[in-house]
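A quick write-up on the structure given underneath.
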Amino acid sequence: MVEWRGRPGSLRVQILLFKSVMTRKRVLLIIETSREYGRGLMGGISRYALEHGGWQIHFDDRGLLEEPSDWLRRWQGDGIISRTATPTLARILSHKKCPMVELHGFGLYEDKVTSFSEVQICNRSIAAMAAGHFLERGFRQIGFYSCGNTWWARDRVGHFTTILRDNGVECHVYSDRFEKTTTQHTVWQNRYEKPLRKWLQSLPKPVGVWAITDHQAVRVLEACRDLGFRVPEDVAILGTSNDTLICNLISPPLSSVDVNSPMIGYEAARRLEMKMSGQTPPEPYLNIPPLQIVTRQSTDMIAIPDPDIAEALHLIRQRALAGVTVAEVAGTVGISRRTLERRFEKHLGRSPHDEIVRVKIDHAKTLLRTTSLSISAIAHKTGFTNREYFIYAFHRETGTAPKQFRTDSGATEVS
């Protein structure tokens, strides 16, 4: 705490104010503001700076693949948070003497590892979430699309194919022979448009496709439109990052994984503060789980050849939280309970009761991540009879208690 003495305009007060400003740490943010993910990172970093103070932030308003400005070579300060996606930027930053937190990582440059993201999306978790999204909708044909050979794309597709294989589903991976990523329209047309169309034509239908970003999901959707494929009836498309401007603008609106970029930004800021204070972060890399999948029309279907089971699934998704029973589902569909259970097991490998519980738990996860509601309130809102049974069911389905799940997600509970 500063002890103020003398009149407000006195020399001593002016010196103390000057010292206060001079002790603030100068932090540079080299993060794209052209996309939702980068803006989310900036929001999380800003929240940390406001909560803890002591930072003077500078930032470069740029696109992800833009080459660095000339002034960056001369910039001096106390710390940097960067999304490094070009070799030129990687070379410049390698000469900086201040602590830095990397949030992208060029990965490979001239066959040498340069940098990887220190705080990143948990690729195993996001792959599991994307795979589960399609499997829950009954898809047995699922594809992965990425037209950039990045380290994080390779990591995600590895987890994605493994999870699908463990569930008896083969993953159709777009074969990308080009090692460098670009957003130039002419290069996109010449190198990627025709191979993408050929790949989509080769896929058995109906098929679900997970695209590595929302921008690339739009390319898949446009290729489907040109080929005459219906979305989502023939090809269901899931994007990544939940860029709401893009997802809601296109037709049909795009389902996407909300990767919780504000939390990644917040943890990156915390990590940089530790480095600037001379501390070593406890782990070399920090993985942040994605928040949720925001379902829109591009995946709003059930890929089940049995119309009765498709109707039952739709009914469960609509009424699970209101307490619908297996008997009510069977009666509405117009088949016996035993027939419903037998056909559920045939097409989905689980019972109607398991599906009702799964929908409830999935909604509970969203409430635990995004609200500060009490465990009792969440149990009530998700249709469980009491708090104790909700805790039991949640642990049985997820392997963890609701409070621990909330803690791991970075949320807090009201008293």
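The values are calculated or read from the model by the stated rules, or taken from the named source; none is laboratory data. No experiment lies behind these values; they were computed from the predicted model shown. Here the Cβ positions follow ideal geometry from the backbone for every residue, glycine too, while neighbour counts run over all protein chains shown. These accessible areas exclude ligands, DNA and RNA; they are computed on the full protein's heavy atoms, side chains included. Shrake-Rupley method; radii C 1.70, N 1.55, O 1.52, S 1.80 Å.
Within the bounds of region 286-296, is there any residue that is assigned to a loop (DSSP other than H, G, I, E, B) and at pLDDT below 85?
No, the conditions are met nowhere in region 286-296.
Collect the residues in region 45-69 that are open to solvent by 100 Å² or more (accessible area, probe 1.4 Å) and of a type in the set (Ser, Thr, Tyr), keeping them in residue-number order.
Residues satisfying the conditions do not exist here.
Against the conditions (1) touching a helix residue (DSSP H, G or I) at 6+ places or on another chain (Cβ under 8 Å); (2) of a type in the set (D, E, K, R); (3) closer than 30 Å to ILE81 by Cα, where does ASP258 fall short? Just the number, please.
So the condition that ASP258 fails would be (1).
Which pairs have Cβ atoms under 8 Å, sit 6 or more apart or on different chains, and link a residue in region 70-96 that is under 19 Å from GLN120 (Cβ atoms) and open to solvent by 20 Å² or more (accessible area, probe 1.4 Å) to one that is charged (D, E, K, R) and modelled with pLDDT under 90?
As it stands, the answer is ARG83/GLU32, since those pairs meet every condition given.
Taking region 119-138, which residues are within 16 Å of CYS171 (Cα to Cα) and outside any helix (DSSP H, G or I)?
If the condition is that a residue be within 16 Å of CYS171 (Cα to Cα) and outside any helix (DSSP H, G or I), then GLU136, ARG137, GLY138 are the ones that fit.
More than 20 Å from LEU315 (Cβ to Cβ), open to solvent by 70 Å² or more (accessible area, probe 1.4 Å) and in contact with a Lys or Arg (Cβ under 8 Å, 6 or more places away or on another chain): is that true of GLU397 in this structure?
So GLU397 passes the test.
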